[in-house]
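The values are calculated or read from the model by the stated rules, or taken from the named source; none is laboratory data. Just so it is clear, the structure is predicted and the values come from calculations on it, not from any experiment. Quick reminder, even Gly has a Cβ in these numbers, built from the backbone with ideal geometry, and neighbours come from all protein chains shown. Keep in mind that these areas ignore ligands, DNA and RNA; they rest on the heavy atoms of the full protein, side chains included. Shrake-Rupley method; radii C 1.70, N 1.55, O 1.52, S 1.80 Å.
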Amino acid sequence: MGKSRKSKIKTKALNLYYGNFHALGDITAGIPERAITAIIGPSGCGKSSLLRLFNRMNDLIPAARVEGEAFLDKEPIYGKNTDVVNIRKKIGMVFQKPNVFPMSIYENIITGPKSHGIKNREELAKITETCLTQVALWDEVKDMLKKPAQELSAGAQQRLCIARALAVNPEVILMDESCSALDPESTMKIEGLMLELAKKYTIIIVTHNMEQAIRVSDMSMFMMIDDKKIGRLVEFNATSLMFSNPKDKRTEDYITGRFG
């Protein structure tokens, strides 16, 4: 997994409620920096809900309530004085389907930096080139930056969404099944991109694709619901160990296809 095993995000007894519904129960984990962590498990076990907790996307859902602790380095994600805008700047998110803004490729990239106070055209142009280069899209689009982003292929749109997330200089990138709507060739490009970005960023992905988890992730979190329909973290380990020698019988049953 590389030299560093310092935790970038830590949770302690983290619980999520939607009104009276207890969605996630007592999630305690330390997610390592500059590595890829995959969250796996059957549908409905709370994988995406957990991902959204990390950058407070669940704040947008009425009646959502969080108990317990979560930290980005030493900064409490749910502290009373926490700057939510700053948390979302540090922890970017890429969704399942490419959600490019209905504007030009260039405007997609610079919207974030401009909202954080960067106005200089040369600086914005440099950010655009840097971020599009990082996602291996610059050579493809450098002569069409003024064209609508929606004219790009689905795979290119998803890479643009990743570039857009990178434009505000995050520390963590969350990816919620970001390859599930893509063809195999585009999926391979995104997976290669993940591996390259993990040299600098902490990446957390939700995936239903066990082969993908094995291919790209350093660590894996296996979740499932208990008898009360509460999403629980069953096992958290190095991906190579989890898939070769799972500690929990439920993990083994899931990754071998016996259920889920």
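Between Ser115 and Ala13, the distance separating the two model label sites (each 7 Å from Cα on the Cα→Cβ line) works out to 3.5 nm.
The residues Ile127, Ile105, sorted by heavy-atom accessible surface at 1.4 Å with ligands and nucleic acids left out, run Ile127, Ile105 from largest to smallest.
Taking a cut-off of 17 Å, what percent of all Cα-Cα pairs in segment 81-185 are separated by more than that?
51 percent
Going by a ≥ b ≥ c, the root eigenvalues of the Cα gyration tensor, does segment 42-102 fall in the rounded group (a/c under 1.5), the prolate group (a/b larger than b/c) or the oblate group? Cα axes put segment 42-102 in the oblate bin. Taking θ as phi - 60° and the Karplus parameters 6.51, -1.76 and 1.60, the scalar couplings of segment 155-163 work out to x, 5, 4, 5, 5, 5, 4, 5, 4 Hz in sequence order, x denoting glycine and proline. Oblate is the label for segment 1-90, because a/c, from the alpha-carbon gyration tensor with a ≥ b ≥ c as root eigenvalues, is 1.5 or above and a/b does not exceed b/c.
Straight-line cross-link reach from Lys199 at under 18 Å between alpha-carbon atoms covers these aspartates and glutamates, not counting any fewer than eight positions away in the same chain: Glu33, Asp73, Glu171, Glu191, Asp218. Highest mean first, the peptides 114-124, 222-232, 240-250 sorted by other C-beta atoms within 10 Å per residue fall in the order 222-232, 240-250, 114-124. Our compactness index for segment 170-260, the C-alpha radius of gyration over the empirical 2.2 N^0.38 Å, is 1.14.
Can you tell me what share of the DSSP beta bridges in segment 128-260 is antiparallel? A percent to the nearest 5 is fine. Restricted to segment 128-260, the bridges split so that about 60 percent are antiparallel. Averaged per residue, segment 103-193 has 48 square angstrom of accessible surface, using a 1.4 angstrom probe with ligands and nucleic acids left out. For segment 15-25, putting each phi into the Karplus relation 6.51 cos²θ - 1.76 cosθ + 1.60 with θ = phi - 60° gives couplings of 10, 10, 10, 10, x, 8, 7, 8, 7, 10, x Hz, in residue order, rounded to whole numbers and with x for Gly and Pro. Between amide H atoms placed 1.01 Å from N, distances below 5 Å from Leu14 occur with Asp26, Ile27, Thr28, Glu69, all of them 5 or more places distant or on a separate chain. Share of the chain's accessible area from carbon and sulfur, percent, 1.4 Å? Percent of accessible area from carbon and sulfur atoms in the chain: 50. Helix 184-197 sits at what angle to the longest principal axis of the chain, using alpha carbons and giving 0 to 90 degrees rounded to 10? Compared with the principal axis, the helix lies near 90 degrees.
Normalising by residue count, the chain has a Cα convex hull of 129 Å³ per residue.
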